[in-house]
Each structure stands twice: as C-alpha cells, then as structure tokens.
1. Give, in nm to one decimal, the length gained when the segment between N368 and S45 is fully stretched (0.36 nm per residue of separation minus the Cα-Cα distance).
2. Which one, T266, T116, T129, has the greatest fluctuation when you compute a Gaussian network model over the chain with C-alpha springs under 10 angstrom?
3. Answer with one residue from V71, A283, P324: the one whose Cα lies farthest towards the positive end of the charge dipole of the chain, charges on Cβ with Lys, Arg +1 and Asp, Glu -1.
4. How big is the Rg/Rh ratio for the range 1-148, C-alpha atoms only, Rh by Kirkwood, two decimals?
5. So which trypsin sites (Lys or Arg not before Pro) in the range 376-409 end up in coil per DSSP with only 11 or fewer other C-beta atoms within 10 Å?
6. With runs of 4+ DSSP H residues as the only contributors, calculate the mean residue ellipticity of the chain at 222 nm using -39,500 (n - 2.57) per run, divided by the residue total and rounded to the nearest 500.
7. At 18 angstrom or more along the helix axis (alpha-carbon based) and mean Kyte-Doolittle of 0.0 or higher, what helices does the chain contain? Whole DSSP H runs only.
8. Once you list every other residue whose beta carbon is under 10 Å from the beta carbon of H92, what net charge do they have if Lys and Arg are +1 and Asp and Glu are -1?
Amino acid sequence: MENKIRIGVVGTGRGKTFMKPASCTGLKLAAVCDRRPEKLEVIKSQYDTDGTLMTFTDYDEMLKSDIDAVVLANYFNEHAEFAIKALRAGKHVLSECTAMSTLAEGVALCRAVEETGKIYMIAENYPFTKQRLEIKRLYESGELGEMLYGEAEYCHPMLNSTTYKYAPGEYHWRNQIPSTYYCTHAIAQMMYITGTMPVRVNGFVPQIKDQSYREYEFRQQDSGGVIVCQMDNGAVVRTLQGAFRTHSGIARLYGTHGAAEVERSTGNVVVYHSDVSRMGQPAYRSYAPDWPDFGELASAAGHGGGDFWVQYYFGEAIRNNEQPYLNVYRACAMSSVGILAWKSVLSGGQPFDVPKWDDEEDRKKYENDTWTPFLKEGEDPADHPPRAVAWKPLPEALDKAKAAWEENDYLGLGWSKKDIDMSFDKVKMN
Ligand SMILES: NC(=O)c1ccc[n+]([C@@H]2O[C@H](COP(=O)([O-])OP(=O)(O)OC[C@H]3O[C@@H](n4cnc5c(N)ncnc54)[C@H](O)[C@@H]3O)[C@@H](O)[C@H]2O)c1
C-alpha cells in the first residue's frame, strides 16, 4: 500500500463518496474537477488533508496531471465520452452508472479499453450489500440450483421540491431520463449473483387512464419502468426502476433447487426449499447475514456497504492489472438494457437483442447507433425519441420549475447555488 493510486474525481455531488477512500483500497484523492469553482473551494476546505489536493474546472487539464485514475461522477448521460478521453490519456477509469447513453458510445468505449489496456470499471454498488453477497454465496454453493427467475428493484421517489434542487434546468439529465434508463442498480444484482448476462430485453411502463396521477410536475418521467430480460442461461429477470412513491430494493431469486430473497421489513435473507428440492435443507429459514470481510468498513459506507466494495475492487484491479468483474463488457451490457428497454417501450413491448459487447463483429452493427432521448440545449425535440409516454406535461409546469430554479439561484449548466448538502452517503439499503 506504499504506492497509492492517485485518483481524480469529476463531479462534486455523488463524487464526494469517493473523496475519502478507506486506506485498504489503496486509493488516494489527488484531484477534483468540477466546472463550478465555488464548489471546488468547499471541497478543498473539507478534503485537502495535506495541502496537496489539485482542483480543476477543466477536465482536459486534470487529465494532463499526474493522476493514475479518474472517477466519473459527472452527468449521467456524459460518462462514455469522459471515460474514453481518460483511457486515451493513459488513466484508469471508475465510472458511475450508467456506462453510456447510446449504443454507439458503448462500442467506442469497449474499443478504447481494449486498445489502451487500462482498467475500466463501472461503479455499480448495489450488488455489494451483505444480503446480496450472501445470496451470491448461496447460489455459488449450489444450494439454490440454477436461476430460473429473478427480480430486482430500485425505486427511489423524490419530492418535486427536491427534484427542482437536484435537477435545475430543463436539460439537466434528471429531467430527461426515461424510466428504464436507471436500470443498472437492479439488473447488476442478478448478473453479479448468478454470473449471467442479459441477452434480450422487453420494456414496459404503466399507462393508467388517470391523468391526474403523476410522480413529477416537471421531470419528464413515467412513474416507473418494468424490464423483462432473458438471460444467457435461459432464465428470466424482471427489474423495476423509477419512483412509484415508495423506496424499494427487492431482490429475489428462484432457482431449480430453492429460492432466496431479501426480506424488506427485516433485511434478513430468507431461503425456501420445497419438498422436491429440499435436499436436506429446512423448508424455510430467515437470518441476518454477515459480511464476508471488511465488515466494519463496509458497514460504515454508503448504499448498504456497496460504496466501500466498489472502491476496494477498483484498487484491486489496478494493483493486479486485471480487469474487474464489473468490466467494460458487463458495464455496457447492464447499461444497454435500459436503452434497449426504452426502444422496446416505444415499440409496444417488442424484444431487442443486447449486443455482444466483447465481440467486435457483433457490436460493429451498433457503432453508428446514436439514438438518444437526451437533448442538449438548442436541439429540436422532434429529432429525438420521447422521454416519457404516459407522463404528460402540466401546462404550468415549466413556469413552476423556472420559479423554483430562480428561487434556488439557478446558475445555468444544470446548477443552482442552493443545491448543497444532499448527502448521498446516508441512503440506507437492505
Ligand atoms: N451509484 C449510486 O448509488 C449513485 C448515487 C447517486 C448518483 N449516481 C450517479 O453519479 C452521477 C452523478 O450524480 P449526481 O447526482 O452527483 O449528478 P449531478 O448532476 O447532481 O452532479 C454532476 C456533477 O458533475 C459536474 N460536472 C458536469 N459536467 C462537468 C464537466 N464537463 N466538467 C466538470 N464538472 C462537470 C457538475 O458540476 C456536478 O458537480 C450520475 O451518473 C448518477 O447516476 C450514482
């Protein structure tokens, strides 16, 4: 651990999670980049423990510095271009979800990792709660047999007043994101537990008749997105992501020999065996699992411990010079599920194949697929697919949103002055 891996973090919202890495990860904060200088001053006062922290408003300038790796916590739909630049500048990359916002970006990202040989990892933290790690242990022991069906959910409702702070500006990614796109938290759990990959995707959104029901006034998003994936072992996985006015982190797996799930109320792992598949196991048991390792550090970390494990595995991958489990191919697979599910929603639920991201011949078909619902300022919505199908704008919504942004001293480029202190570290998840 003598030679620390010097990281540069882009983005000072979620990015803060990566600014105090545990020493066993081998990572050290060396630089922070944010286009907002006033944010950098705050960060310096909080995280510059030895007077050496470099700060940048220009990402290209940070890439010229002597950091070893970048952590991307910039806008959701801009990760791939930032990752490719970093890889080509000789830096390893830990990218927040999602890996890319178009299939073409996914192709370019895979090629950049292969051509540079640098480590790339998606910072997907939801597979690493102690409950999911325990279900993975059970799965790998053979007790559950092979997955037939799995379910995972990531529902995170937000008050309109909070949304205005988190998402200032018409073009902020949170105001544009279709309900299937934030899917990696859910699908990654089943991929990691079982080692399977999604191969085909169908997407749906609820379209009830009651037009007075909407999760958000301005944010253009349907209540939630339902995705059904066929996995490469033949199993079916259903994921749910969005708001639905309740927090939910369901994880449930039915195997050929038994079933396991995370109990919502207690956080216990519950294991079921029917008479035919019992194999000497009790028909039902429920227990509080423990961490396999680093319990104290993981318990203290955000997102049910996942924030610790992501940083730990990133450090390990760099030290061993071996791509991590959450490598670029899995990153693109889980991210493309959300894109393809949205194509499916817009085509009435038709299935779409997931590109074989590690196969140049297959992925080449997608190298020009720049289809995206995310608009940049000045672009014509008519040139892009819609971001919602059931959600309809309220006539007064934009004015209301603008008033809220102004009240928060909207600065343009997706930022207000009063957005501070919405700590991501406190999210609790079983
Ligand atoms: N894994 C998790 O549990 C988790 C939790 C929260 C957010 N996230 C992800 O983290 C990412 C960031 O989330 P957030 O809520 O902080 O988003 P945000 O939009 O609130 O903040 C993005 C930050 O990036 C900065 N930024 C954007 N473009 C920049 C540029 N060109 N140069 C310099 N700085 C730039 C912005 O100024 C801002 O500080 C998103 O992709 C989100 O999906 C993941």
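1. Gain in length upon complete extension: 111.9 nm.
2. T266
3. A283
4. With Rh from the inverse mean 1/r over Cα pairs, Rg/Rh is 1.04.
5. Of the trypsin sites (Lys or Arg not before Pro), the ones in loops of the range 376-409 whose Cβ has at most 11 other Cβ atoms within 10 Å are K376.
6. -9000 deg cm²/dmol
7. Helices meeting the criterion: 103-116, 328-346.
8. Working: positive: K91, K118; negative: D68.
Computed value for this residue: +1.
We did not get these values from a lab; they are worked out from the coordinates using the rules stated. On a predicted model such as this, the values are computed, not experimentally measured, just so you know. Quick reminder, even Gly has a Cβ in these numbers, built from the backbone with ideal geometry, and neighbours come from all protein chains shown.
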